[in-house]
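Just so it is clear, none of the values below were taken in a lab; they were calculated from the coordinates. Keep in mind the model is a prediction, meaning the values are calculated, not measured. As a convention, Cβ positions derive from the backbone with ideal geometry for all residues, glycine included, and neighbour counts pool all protein chains shown.
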There are 4 protein chains.
Amino acid sequence: MSPTAFKTSFRVSWTDTDAAQVVHFSNYFRFFERTEEEFYGHLGFSFNDFTNKGIWLPRVESFCQFKSPAKFNDLLEVELTVEELKEKSIKYGFKIFNKESAVLLANGYVVIVAADKQTGKATQIPKDIMEKLKPFSK
Amino acid sequence: MSPTAFKTSFRVSWTDTDAAQVVHFSNYFRFFERTEEEFYGHLGFSFNDFTNKGIWLPRVESFCQFKSPAKFNDLLEVELTVEELKEKSIKYGFKIFNKESAVLLANGYVVIVAADKQTGKATQIPKDIMEKLKPFSK
Amino acid sequence: MSPTAFKTSFRVSWTDTDAAQVVHFSNYFRFFERTEEEFYGHLGFSFNDFTNKGIWLPRVESFCQFKSPAKFNDLLEVELTVEELKEKSIKYGFKIFNKESAVLLANGYVVIVAADKQTGKATQIPKDIMEKLKPFSK
Amino acid sequence: MSPTAFKTSFRVSWTDTDAAQVVHFSNYFRFFERTEEEFYGHLGFSFNDFTNKGIWLPRVESFCQFKSPAKFNDLLEVELTVEELKEKSIKYGFKIFNKESAVLLANGYVVIVAADKQTGKATQIPKDIMEKLKPFSK
């Protein structure tokens with residue numbers, strides 16, 4: 001069975017663009033994170049549910065291929081998939097499309113680790129959150 | 001006697017620009033803050049010397065007039081002046097020039113308040129820091 | 001008759017925050033602009049309808065008072081009003097509220113000018129756009 | 001012979017941080033680009049020397065591993081190396097260190113392509129610029 005993808009959309013803002021009149025590449029990583037935030041919101045929790053338990057979610061690795069530029073006012077559709085779900089880490093895959101043309105603009109991933117705020121060491125993802133993530137895992 | 005001004009310079013980065021191929025207006029406020037940070041560094045301290053004493057420096061008001069655009073790779077000179085130095089607040093004035101042409105690009109101000117991190121209430125600026133700021137005050 | 005306000009809302013993203021664990025003050029100016037963009041979208045046009053006619057909309061002045069901090073995941077409601085509508089310039093007023101508590105977090109304004117892309121000089125706001133803005137003007 | 005590395009340093013600004021009180025991961029990609037800009041400045045040219053010839057330098061791929069957090073006011077040293085120099089593309093490698101502790105904070109790369117502004121197609125990197133880049137190539 002193929003994994004469920006979470007989808008959301010963003011309108012490109014003027015502040016997302018640069019002097020080449022396209023979205024600055026660093027902002028794709030911000031769209032990744034905003035999508036992760038909306039995914040958590042969709043599941044009924046937020047980063048705050050981690051920090052309240054003394055856990056940060058630092059990003060340990062990130063990658064993106066930029067295939068086609070996005071321009072001001074374009075409507076982007078971002079597709080999040082759970083590529084790997086481990087006890088202490090998650091790898092999210094992202095695809096960003098131009099929602100109107102369906103052209104793939106960018107694809108990439110982010111690996112995050114649950115880290116104890118005190119020690120900085122990797123720690124278990126809380127069980128209740130893990131249960132909510134599992135249905136999206138491959 | 002006229003107050004001493006602190007000056008620093010920044011090269012406009014590609015990420016500072018937007019699709020109009022000029023520095024996005026919100027980034028002038030970031031140049032203001034980076035200048036304030038360098039001013040503190042010049043005086044031998046940083047925001048950390050406030051936070052270590054349980055004090056935040058929230059901005060309570062900010063204003064800027066944008067007179068002429070800055071472009072990628074322009075060298076900016078920012079001039080900071082201490083417009084008002086009170087027990088619990090500071091008003092910094094800023095002027096941003098194109099360093100090569102000497103054209104005034106923007107001028108504005110930021111009002112900051114020393115706030116207790118616990119209560120959120122306005123509190124005294126630490127004395128040692130106050131002493132270092134006084135020579136720059138009108 | 002009191003002018004009509006345009007309202008939209010934003011969820012505070014992790015990238016909007018700073019080390020004081022609140023929204024960085026410069027980002028309020030970005031929320032202003034994103035609200036202006038959504039206002040235009042609501043009226044059926046965008047910045048592109050200006051640039052296609054050879055017109056930029058540079059910001060010439062901006063101000064904001066920061067009254068109460070916004071935190072990660074807060075839902076913000078931004079209210080835009082047309083404070084002044086002139087032949088060549090517009091002053092937009094903004095109020096940002098915490099949507100759940102209804103507390104006013106920030107209020108400010110932005111003055112924009114229609115500028116000819118070639119000459120850089122102030123020019124008339126296109127008539128069809130002017131007609132759409134008038135009902136929101138005081 | 002090992003390739004020459006270009007080095008520059010940046011002080012972490014408050015605006016670079018997020019609510020975890022560390023540099024937001026997307027800003028490492030901005031430090032990459034600012035280093036590339038300073039590298040070009042060191043060689044006596046800038047992005048403008050490309051755009052003036054009708055060439056953009058879109059990023060087609062970027063990657064970063066985040067090994068240790070950077071905090072406000074930390075002094076970062078960024079090391080740029082030319083990993084691959086092809087007729088139409090360049091792969092830059094980056095290492096970001098805490099300059100005081102010499103701890104490696106992040107390492108990654110960016111692949112850029114010279115693209116014709118009109119057609120969007122890959123094009124030759126101008127010869128004079130190529131000559132300046134060669135001494136840094138492996």
- Task: Rounded to the nearest 10 degrees, what's the angle between the helix B:25-43 long axis and the longest principal axis of chain B, both from Cα atoms, 0 to 90?
- Result: 50 degrees
- Task: Please state, to two decimals, what the Cα-based radius of gyration of the protein assembly as shown comes to when divided by 2.2 N^0.38 Å (N = residues).
- Result: 0.97
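Percent relative contact order of chain B, based on C-alpha pairs within less than 8 angstrom and at least six residues apart?
Values: 261 pairs, mean separation 41.4, N = 138.
Relative CO of chain B lands at 30 percent.
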- Query: Just from the alpha-carbon atoms, what are the Rg and Dmax of the stretch B:34-103 in angstroms?
  - Reply: 14.5, 43
- Query: Points 7 angstrom from Cα along the Cβ direction at D:Thr4 and B:Leu75: gap in nanometres?
  - Reply: 2.2 nm
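Suppose we look only past 23 Å in the calculated P(r) of the stretch B:11-138. What percent of the Cα-Cα pairs does that tail hold? Could the numbers behind the result be given before it?
Details: 2915 of 8128 pairs.
Beyond 23 Å sits 36 percent of the P(r) for the stretch B:11-138.
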- Give me the distance in nm between label points sitting 7 Å out from Cα along the Cα-to-Cβ direction at D:Ser68 and B:Thr119, one decimal. 4.0 nm
- Could you compute the FRET efficiency for C:Gln21 and D:Lys132, with r as their C-beta to C-beta distance and R0 at 60 Å, rounded to 0.05? 0.85
- Anyone know which of C:Ala20, C:Ala122, C:Ala70 comes out most mobile in the 10 Å Cα GNM of chain C? C:Ala20
